[in-house]
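Engineer: Here it is: the structure, laid out below.
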Amino acid sequence: MKIAVIGTGYVGLVTGVVLADLGNDVIFVDIDPKKLSTLRSGKVPFFEPGLEEILSRCVEDGFISFTDSAADAAKASEIIFIAVGTPPAEDGSPDLSAIKAVAHALAPAIGDGYKVIVNKSTVPVGSSDLVSGIIASHGVPDSAYDVVSNPEFLREGSAIRDTMEPDRIVVGATNPVAAQKLIDLYSPLSGQRLVTDPKSAELIKYASNSFLAAKISYINAISRLCEICGADIRDVAAGVGSDSRIGGQFLQAGLGWGGSCFPKDVLGLLSTSKQLGYDFGFLKAVVDINDDQIAHFISKIETRLGGFEGKAIGLMGMAFKPNTDDIRDARSELVIKHVEAKGGKVRGYDPAAAENIQAAYPNVEIVDSVYELGDGVDALVLVTEWNEFRQIDLKRLTEKMNQKVLFDGRNVYQRAVVEEAGIEYFGIGT
Ligand code: UDX
């Protein structure tokens, strides 16, 4: 099939590349010429395992092309994916200006043959109607197109596998013909198919991400109780998660959730609820627990060090989670800002995100090896659980520290093992 993908961020690029890999002709659209020239050369402007290999192969084999004109791409395509950003505005509501601009840009290209326009970006309930309304306002007849909601559930770091082997494919459509087009397009992929009305599909995305964020906040709240009463959160989470009605995933207590999706989508659902006149107090608590979790951790470090003035800390990992270079809403940012504001110095190591941190926080001293982190610092703080930290030589890691103190924000280590190496240990709920 001939496909247009408008927006070459995470969601757009991964979706389009996977569809091209399945043998479809994919035209990517972006308004950023720098991004387009990077992509044309087969390079991905961010780190995602496996993505660049498939992109460069598909570019070479002629399955992928690029343009800055949404209208040109739409004219040549049967299915048009909108995958532009919907960042939170000041009040937490998603900023839909990019989606509206795309709908206006597409409209003149529609009318010559039936087209399905797919909303892939995470959008509030009712956005399919919004896009439809904009296209109709240009005088395009209803029969020429349908707008379908088809939310994406991929995770950074495993985006290709998540797209190739999804748990479910959700299609929200009013016209069964449009729904069937998408079901046909996705026929090579595994996973349950769920065809709904557009509003339900839009809500499924927000409700799923908010539920996962709630699960993490819940276990983090329990971890606080563990710290107070002397229980161990790892045992508690294992016991709770082994109930098949609950499930063990997303019960890893830590510094809380960050990244490009959860914060945006939880705020998005809160703002949608507010607009609909429902006071979603539960979800507000989910956000409050998340904010408190990192604040509590930072204050533990501050108390132990007797303040940050004149102190130095070494950050183990800075990406919002392992296997990505993404630092959007990373917990490391909150640690860096706080320590620097209180007169402390931060040294940091991350196998993928160091460059992004350096650009955003020029005062952070980046080191190329985790073993350089300990040199002259007063505490090591593990923020991101990269695999390479799991079996590290703790003695070598800490030998040049001013004092051997380790704050483990992701419970990577066993207290007994760390203490055995002569290091003072602080975990989460343990
Ligand atoms: C998430 C959803 O999983 C995905 O379905 C959606 O499409 C986009 O948002 P992603 O943001 O890539 O994906 O990361 P994810 O692996 O879900 O982690 C999100 C955050 O939760 C990270 O900050 C991670 O550190 C944190 N987390 C996750 C925990 O603190 N504990 C856990 O048990 C799991």
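Engineer: Arrange the following residues from fewest to most other Cβ atoms within 10 Å of their Cβ: Lys75, Lys205.
Structural biologist: Final ranking by Cβ density, sparse to dense: Lys75, Lys205.
Engineer: Between Asp279 and Phe211, what FRET efficiency follows from the Cβ-Cβ distance if R0 is 22 Å, with the result rounded to 0.05?
Structural biologist: In this case the efficiency is close to 0.75.
Engineer: For Asp95, what residues show an amide H to amide H distance below 5 Å, using hydrogens built from the backbone and excluding near sequence neighbours?
Structural biologist: When sequence neighbours closer than 5 places are left aside, the close amide H contacts are Ala89.
Engineer: Given the range 148-191 reduced to its alpha-carbon atoms as identical point scatterers, what log10 I(q)/I(0) does the Debye formula return at q = 0.21 Å⁻¹?
Structural biologist: Each listed q corresponds, in turn, to -0.69.
Engineer: Taking H placed 1.01 Å from N in the peptide plane, check which residues at least 5 places from Thr8 or on another chain put their amide H under 5 Å from its amide H.
Structural biologist: none
Engineer: Residue by residue, what Karplus-based ³J(HN,Hα) values in Hz, rounded to whole numbers, does the range 364-377 have, using 6.51, -1.76 and 1.60 with θ = phi - 60° and x for Gly and Pro?
Structural biologist: Listing the rounded values in order: 6, 8, 8, 10, 8, 9, 4, 6, 7, 5, x, 3, x, 9 Hz.
Engineer: For the range 286-334, what is the convex hull volume of its Cα atoms per residue in Å³?
Structural biologist: Numbers: hull volume 4.5 nm³, N = 49.
Given the Cα convex hull of the range 286-334, per-residue volume reads 91 Å³.
Engineer: If you don't mind, there's one more thing I want to ask. Direction-averaged shadow area of the convex hull around the Cα atoms of the range 317-398, nm²?
Structural biologist: 4.9
Engineer: Related question: Computed over the Cα atoms of the range 89-143, what is the ratio Rg over Rh, Rh following Kirkwood?
Structural biologist: 1.00
Engineer: Could you state, as a whole-number percent, how many of the C-alpha pairs of the chain are farther apart than 41 Å?
Structural biologist: Tail fraction, whole percent: 23.
Engineer: For the pair Tyr371 and Asp167, how long in nm is the line joining their label points, each one 7 Å along Cα→Cβ?
Structural biologist: So the label points at Tyr371 and Asp167 sit 4.1 nm apart.
Engineer: Right, next: With contacts defined as alpha carbon pairs under 8 Å and 6 or more residues apart, what's the relative contact order of the chain in percent?
Structural biologist: 12
Engineer: At what distance in nm do the modelled label points of Ser97 and Glu399 sit from each other, each positioned 7 Å from its Cα along Cα→Cβ?
Structural biologist: About 5.5 nm, to one decimal.
Engineer: While we're on this one: Within the chain, which is the longest segment containing none of the GluC sites (Glu not before Pro) that sit in a DSSP loop and have at most 14 other Cβ atoms within 10 Å?
Structural biologist: 91-308
Engineer: Another one. Which order do His104, His338 fall in if you start with the one that has the fewest other Cβ atoms within 10 Å?
Structural biologist: Details: His104 14, His338 18.
Going from least to most buried by this count: His104, His338.
Engineer: Starting from the Cα gyration tensor of the range 52-170, take the square roots of the eigenvalues, sort them a ≥ b ≥ c, and report rounded, prolate or oblate (rounded when a/c is under 1.5, otherwise prolate if a/b is larger than b/c, else oblate). Please list the in-between numbers first.
Structural biologist: Values: a/c = 1.78, a/b = 1.18, b/c = 1.51.
Since a/c reaches 1.5 but b/c is at least a/b, the shape of the range 52-170 is classed as oblate.
Engineer: Contact order normalised by length for the range 345-430, with contacts defined as Cα pairs under 8 Å and 6 or more residues apart; what percent is it? Write out the running numbers ahead of the final one.
Structural biologist: Working: 120 pairs, mean separation 20.5, N = 86.
24 percent.
Engineer: Amide H of Leu382 versus every other amide H placed in the peptide plane: which residues, excluding those fewer than 5 positions away on the same chain, fall under 5 Å?
Structural biologist: Met316, Phe407, Asp408, Gly409
Engineer: Cα-based Rg (one decimal) and Dmax (whole number) for the range 17-116, in Å?
Structural biologist: 14.8, 45
Engineer: Taking R0 as 41 Å, what FRET efficiency do you get between Asp288 and His104 from their Cβ-Cβ distance, rounded to the nearest 0.05?
Structural biologist: Numbers: r = 39 Å, r/R0 = 0.94.
Efficiency computed from Cβ-Cβ geometry: 0.60.
Engineer: Which pairs break 19 Å Cα to Cα here: Lys34/Lys75; Lys2/Lys115; Lys34/Lys115; Lys321/Lys404; Lys311/Lys342; Lys342/Lys395?
Structural biologist: From the list (Lys34/Lys75; Lys2/Lys115; Lys34/Lys115; Lys321/Lys404; Lys311/Lys342; Lys342/Lys395), the Cα-Cα distance tops 19 Å for Lys34/Lys75; Lys34/Lys115; Lys321/Lys404; Lys342/Lys395.
Engineer: Let me ask you something else. What's the FRET efficiency of Asp142 with Glu340 using the Cβ-Cβ distance as r and R₀ = 45 Å, to the nearest 0.05?
Structural biologist: 0.20
Engineer: Working from the pairwise distances between different alpha carbons, so that the mean of 1/r is found and then inverted, what is the range 115-213's Kirkwood radius in Å? Write down the numbers at each step before the final one.
Structural biologist: Numbers: mean 1/r = 0.0713 Å⁻¹.
Hydrodynamic radius (Kirkwood, Cα only) of the range 115-213 equals 14.0 Å.
Engineer: Stokes-Einstein D for the range 228-343 at 37 °C, 0.692 mPa s, Kirkwood Rh over Cα pairs, in µm²/s?
Structural biologist: 198
Engineer: Ok, one more. Taking the convex hull of the alpha carbon atoms in the range 351-430, what volume per residue do you get, in Å³?
Structural biologist: 93
Engineer: May I ask you to evaluate 6.51 cos²θ - 1.76 cosθ + 1.60, the Karplus curve with θ = phi - 60°, for each residue of the range 408-418 and list the ³J(HN,Hα) values in order in whole Hz, giving x for glycine and proline?
Structural biologist: Here the 3J(HN,Hα) series is 9, x, 10, 6, 6, 9, 8, 3, 4, 5, 5 Hz.
Engineer: Here is a further query. Assuming 0.36 nm per residue, please report the length gained on full extension of the stretch Arg245 to Ser69 beyond their Cα-Cα distance.
Structural biologist: 58.6 nm
Engineer: OK, next. Bin width 10 Å, alpha-carbon pairs only: give the P(r) of the range 1-66 as whole percents, running from 0 to the bin holding the largest distance.
Structural biologist: Binned Cα distances yield the sequence 25, 64, 11.
Bear in mind that the values in this text are calculations on the coordinates, not laboratory data. Keep in mind that this is a model prediction, so the values were computed, not measured. FYI the Cβ positions are ideal-geometry reconstructions off the backbone, even for glycines, and counts take in every protein chain you see.
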